[in-house]
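K.L.:
Below you'll find the structure I mean.
The values are calculated or read from the model by the stated rules, or taken from the named source; none is laboratory data. These figures come from a predicted structure and were not determined experimentally. Note: ideal-geometry Cβ built from the backbone for every residue, glycine included; neighbour counts use all protein chains shown.
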């Protein structure tokens with residue numbers, strides 16, 4: 001396996017980790033602290049939940065792509 005492919009896979013893995021961490025931190029901050037502090041209605045909590053779900057779905061798609069990259073590189 002070439003070094004370029006290894007670096008690309010490592011970069012994609014770091015990207016996925018950052019996406020998951022930022023998504024969860026933003027979701028927790030918005031749902032638990034910012035929303036109640038601003039007295040936002042409950043429908044905004046649902047909006048924050050859907051935004052977090054979209055971020056996690058994006059991460060799962062990228063995890064699948066990374067898995068495929070690793071499978072292809074082993075052949």
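K.L.:
Would you point out which residue out of 66, 47, 40 is surrounded by 10 or more Cβ atoms within 10 Å (Cβ to Cβ), within 18 Å of the chain's Cα centre (by Cα), farther than 30 Å from residue 4 by Cβ and at pLDDT 90 or above? Steps first, please.
P.N.:
Details: 66 fails: farther than 30 Å from residue 4 by Cβ; 40 fails: within 18 Å of the chain's Cα centre (by Cα).
Selected residue: 47, the only one of 66, 47, 40 that is surrounded by 10 or more Cβ atoms within 10 Å (Cβ to Cβ), within 18 Å of the chain's Cα centre (by Cα), farther than 30 Å from residue 4 by Cβ and at pLDDT 90 or above.
K.L.:
Moving on. Could you please let me know if residue 29 is loosely packed, with under 13 Cβ neighbours inside 10 Å and either more than 21 Å from the chain's Cα centre (by Cα) or part of a helix (DSSP H, G or I) (or both)? Step through it out loud before you land on a result.
P.N.:
Details: loosely packed, with under 13 Cβ neighbours inside 10 Å: yes; either more than 21 Å from the chain's Cα centre (by Cα) or part of a helix (DSSP H, G or I) (or both): yes.
In short, yes.
K.L.:
Does residue 40 meet the test of being outside any helix (DSSP H, G or I) and touching a helix residue (DSSP H, G or I) at 6+ places or on another chain (Cβ under 9 Å)?
P.N.:
It is true that residue 40 is outside any helix (DSSP H, G or I) and touching a helix residue (DSSP H, G or I) at 6+ places or on another chain (Cβ under 9 Å).
K.L.:
Please work out if residue 58 is over 19 Å from the mean Cα position of the chain (by Cα), part of a helix (DSSP H, G or I) and either surrounded by 13 or more Cβ atoms within 10 Å (Cβ to Cβ) or at pLDDT below 95 (or both).
P.N.:
Working: over 19 Å from the mean Cα position of the chain (by Cα): no; part of a helix (DSSP H, G or I): yes; either surrounded by 13 or more Cβ atoms within 10 Å (Cβ to Cβ) or at pLDDT below 95 (or both): yes.
The answer is no for residue 58.
K.L.:
Which condition number in (1) free of Cβ contacts under 8 Å to residues at least 24 places away in the same chain; (2) surrounded by 13 or more Cβ atoms within 10 Å (Cβ to Cβ); (3) part of a helix (DSSP H, G or I) is the one that residue 72 fails?
P.N.:
(2)
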